[in-house]
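Before any comments, here is the structure.
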Amino acid sequence: MMKKITLILSGILLVSILANGQEEKADTAWTINSDISLMFAQSSFTNWAAGGDNNITLNGFFNFYAGYEKGKSKWENMLGLAYGQSRIGEQEFRKNEDKIDFLSNYGLKAAEKWYYSANFNFKSQFADGYDFHEDTIPKEKISGFMAPGYISLGLGMEYRPFEYMSFYISPATVRWIIVNDQDLADAGAFGVEGAEYAMDSLGMPDLSMKLKDGETVRNEFGAYFRFLFVKDIFKNVNLSTKLELFSNYIENPENIDVNWDTMIGLKVNDWLSASFGLQMIYDDNTPITDKDGNTGPRTQIKQLFSVGLTYKVSNK
């Protein structure tokens with residue numbers, strides 16, 4: 001697993017170096033920025049009377065921006081990658097962060113601060129995710145690369161009151177939810193149509209007699225809204241937040257999917273930084289089982305605070 005982390009971080013560093021190498025050749029209409037952060041946390045206890053478990057956490061973050069603006073045309077591309085692992089006591093390493101998020105938006109100026117826009121978005125993750133049960137029960141795979149994967153295409157309008165703030169709305173967005181793992185697809189994970197099975201003598205599905213594979217792609221068509229804000233709100237304090245809302249016209253349009261991702265970065269000096277991240281997700285197609293065994297869609301919350309090294313590249 002540590003080899004996988006090293007490979008991912010090496011690739012991120014290579015992209016950052018290549019971007020820096022193109023800095024002097026960049027078209028004046030292009031704006032290119034990138035940063036890579038390596039965050040580390042560790043606790044160790046020896047003969048500690050109050051008790052405690054040794055733990056280690058390693059996270060890597062990479063953000064890349066390439067924007068082109070000339071005349072009435074504006075094309076922005078944003079890539080966010082994150083991956084992290086942690087280990088507590090004698091447990092095996094388990095991931096605590098895993099994200100691939102690519103956004104490309106082309107705009108044609110319609111009026112002051114308004115653009116006709118075409119939007120493309122891709123989301124997924126690098127590695128398999130597991131639900132770790134009691135020691136007597138094997139861990140259960142619940143996600144993986146392109147399981148799920150989200151691809152969306154839409155046409156709409158963007159309002160840009162300030163350079164650091166954007167509102168985008170599309171009444172016509174197509175979204176594909178991909179589950180590229182047949183076992184998860186058979187289980188109907190992430191909203192795809194599950195497998196069909198023959199019934200046993202008690203009228204229950206016989207999982208050993210599959211009649212039809214589960215679908216690996218779910219198609220949706222609906223309305224999409226995105227709010228984006230990226231700005232230094234204080235000296236050496238940067239706030240980045242993205243709120244995404246999606247309503248599927250085809251099925252339960254009143255159940256709006258929500259993805260709100262916020263990161264606060266604090267710069268200590270040119271190399272040392274700290275960050276706090278908060279992500280909240282509500283997806284009507286993703287049921288969650290709580291500690292009492294109740295299953296249904298729920299608000300998912302992830303928090304992360306870390307300190308580490310940051311390297312930035314910019315052509316402006």
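The values are calculated or read from the model by the stated rules, or taken from the named source; none is laboratory data. None of these values were measured; they are calculated from a predicted model. Cβ coordinates were reconstructed from backbone atoms using ideal geometry, including for glycine residues, and neighbour counts include every protein chain displayed. To get the accessible areas, we keep the full protein, side chains included, count just its heavy atoms, and leave off ligands, DNA and RNA. Shrake-Rupley method; radii C 1.70, N 1.55, O 1.52, S 1.80 Å.
Placing dummy labels 7 Å off each Cα toward the beta-carbon, the span from residue 155 to residue 50 is 6.3 nm.
Model label sites at residue 72 and residue 271, defined 7 Å from Cα along the beta-carbon direction, differ in position by 5.0 nm. Using a cut-off of under 12 Å, list every residue of segment 169-199 whose amide N is near the label point 7 Å from the Cα of residue 217 along the Cα-to-beta-carbon line. Counting backbone N atoms under 12 Å from the label point, the list is 175-180. Can you list the residues of segment 289-316 with backbone N under 20 Å from a point 7 Å past the Cα of residue 260, pointing along Cα to Cβ? Residues passing the 20 Å test: 297-305.
Matching the structure-derived mean projected area of the Cα convex hull in nm² against the labelled list (i) 15.8; (ii) 19.2; (iii) 21.2 gives the label (iii). The residues of the chain have, on average, 59 Å² of accessible surface per residue, using a 1.4 Å probe with all protein chains present. Between segment 284-315 and segment 73-96, the alpha-carbon centres lie 11 Å apart.
Using a probe radius of 1.4 angstrom, the carbon and sulfur fraction of the accessible surface of the chain is 59%.
Near residue 54, within a Cβ-to-Cβ distance under 9 Å, what is the net charge of the other residues, with Lys and Arg +1 and Asp and Glu -1? Before the final figure, lay out each step's value.
Values: positive: 87; negative: 53, 90.
Neighbour charge sum, excluding residue 54 itself: -1.
Ranked by the mean number of other Cβ atoms within 10 Å of their residues, highest first, the peptides 215-224, 305-314, 78-87, 202-211 fall in the order 78-87, 215-224, 305-314, 202-211. Remark: segment 262-275, residue by residue, has Karplus-estimated 3J(HN,Hα) of 10, 9, 10, x, 10, 8, 8, 8, 5, 10, 9, 8, 9, 8 Hz, where x stands for each Gly or Pro and the curve is 6.51 cos²θ - 1.76 cosθ + 1.60 at θ = phi - 60°.
Between residue 132 and residue 96, the simple spin-label model (points 7 angstrom out along Cα→Cβ) gives 1.1 nm.
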